[in-house]
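The values are calculated or read from the model by the stated rules, or taken from the named source; none is laboratory data. All of these numbers come straight from a predicted model, not from anything done at the bench. Neighbour counts run over all protein chains shown; Cβ positions are idealised from the backbone, glycine included.
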Amino acid sequence: MTRRWYRAIRTAFLGTPLAVAHTVTIPGRFNYAATSRPGFPLLYLTEDPVTALFEVGAMLGSPTGMSTPSPVGGTHWAIIQVDVTLSAVADLTSAGQRRLIRTTVQELSGDWRGYRLRWASRPRSTPAWPEAPTQRLGEALHRVRGLEGFVTFSARNPTQRNLVVFPDKLRKGSRIVFTEPSGRREELSG
């Protein structure tokens, strides 16, 4: 896969636009991360700038025209363009690939945050909270030898796709590059 993707980041983090260290301890849709149980690094990218803003919660409303989208105030965001070259990517937007791993679009884009929230109200004697299906899938895909990432549907903009990259598994020749207008580059490579 060679193409341009997008990422929305807070302007305070423009100095480290490809940073992923926080994803090891902060849970995400495809990573059951916690300070007490660190996960694996993930880099989330989207195929267009608008979806990038929806993915990070910088836009409210509907990207599909059902309501007028509006920005969330208080935080300043930047959209960066990221050039990606990867050699081993699973495409979960393909019906055949979803059948192969027995999942659905609904499961891929469903409510993963609710798993922890619902579990938090249970008695302390209850075992640790369960992982959301997407988090179990992320772990399983991370264990696939040679797989650098996967394409999935956006949970916030159902007509668009996300690229989820395992930066710690980049192969030789694979790279993720952000180039500032000034010419400064940040690169993750295998």
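Of all residue pairs spaced 6 or more apart or on separate chains, those with beta-carbon atoms under 6 Å, a first member in region 13-42 that is among the basic types (Lys, Arg) and a second member that is crowded, with 19+ Cβ neighbours inside 10 Å and at pLDDT below 95 are ARG29/TRP112; ARG29/THR134. Pairs meeting the criteria (first residue in region 126-147 and modelled with pLDDT under 95 and part of a loop (DSSP other than H, G, I, E, B), second residue surrounded by 15 or more Cβ atoms within 10 Å (Cβ to Cβ) and among the hydroxyl-bearing types (Ser, Thr, Tyr), beta carbons under 8 Å, at least 6 apart or on different chains) are TRP129/TYR115; PRO130/TYR115; GLU131/TYR32; GLU131/TYR115; ALA132/TYR32; ALA132/TYR115. Filtering PRO158, PRO133 for residues that are farther than 24 Å from LEU53 by Cβ, under 16 Å from the mean Cα position of the chain (by Cα) and of a type outside the set (D, E, K, R) leaves a single hit, PRO133. Screening LEU163 against (1) under 23 Å from ASP48 (Cα atoms); (2) at pLDDT below 95; (3) in contact with a strand residue (DSSP E or B) (Cβ under 9 Å, 6 or more places away or on another chain) leaves a single unmet condition, (2).
Answer yes or no as to whether ALA34 is in a helix (DSSP H, G or I), aliphatic (A, V, I, L, M) and over 15 Å from GLY149 (Cβ atoms).
On the way: in a helix (DSSP H, G or I): no; aliphatic (A, V, I, L, M): yes; over 15 Å from GLY149 (Cβ atoms): yes.
So ALA34 fails the test.
Residues that are surrounded by 18 or more Cβ atoms within 10 Å (Cβ to Cβ), within 26 Å of ARG143 (Cα to Cα) and hydroxyl-bearing (Ser, Thr, Tyr) were ranked within region 4-56; the one that is modelled with the lowest pLDDT is TYR32. Just one residue in the set TRP112, TRP77 is surrounded by 12 or more Cβ atoms within 10 Å (Cβ to Cβ), at pLDDT 90 or above and not β-branched (Val, Ile, Thr); that residue is TRP77. Checking each residue of region 49-66 against the condition of being touching a residue at least 40 places away in the same chain (Cβ under 8 Å), assigned to a loop (DSSP other than H, G, I, E, B) and within 26 Å of LEU147 (Cβ to Cβ) gives at least one match.
In region 148-182, which residues are in a strand (DSSP E or B) and either farther than 14 Å from PHE30 by Cα or of a type in the set (Val, Ile, Thr) (or both)?
Looking only at region 148-182, we keep the residues that are in a strand (DSSP E or B), and these are 149-153, 161-165, 175-179.
Listed by number, the residues that qualify are VAL151, THR152, ARG161, VAL164, VAL165, ARG175, ILE176, VAL177, PHE178, THR179.
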